[in-house]
């Protein structure tokens, strides 16, 4: 019988103009779970503290690309956030294409019977969860 190995935690981030959603992997590195939503203003410093407190080995930041694959203002904003966060953390930061993750998160919450005004703070966490789960799934396929 094979032993399950405990994996270092990975943090997923959905960067919005007002809020930043966070998700974290489980100890097996298989599943992403919503963590919290932070106000954008001081999010980088708070994320750096969370990464230290939770012994995070990598951070995955979603970069919203256009359907054509090009990058617009939102993508540039996410990349600027990465540049601000990088010197504050002692772990790797990776970016991943996250086209439509917020749209998909809203749909999942709506399908679960939640109204948009009820999910405003939670949708960012769900989007971060989707970003992180995409990354974890790709790691499983490689490994």
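In table form, for the structure just shown:
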quantity: Spacing of the two label points (7 Å from each Cα toward its C-beta) at residue 33 and residue 92, in nm; calculated: 2.4
quantity: Extension gain from residue 55 to residue 79, taking 0.36 nm per residue of separation minus the Cα-Cα distance; calculated: 6.3 nm
quantity: Label-point separation in nm, residue 46 to residue 139, each point 7 Å along Cα→Cβ; calculated: 2.4
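Where a number appears in this text, it was derived from the coordinates with a stated rule and is not lab data. Just so it is clear, the structure is predicted and the values come from calculations on it, not from any experiment. Don't worry about glycine lacking a Cβ; one is built from the backbone with ideal geometry, like all the others, and counts go over all protein chains shown.
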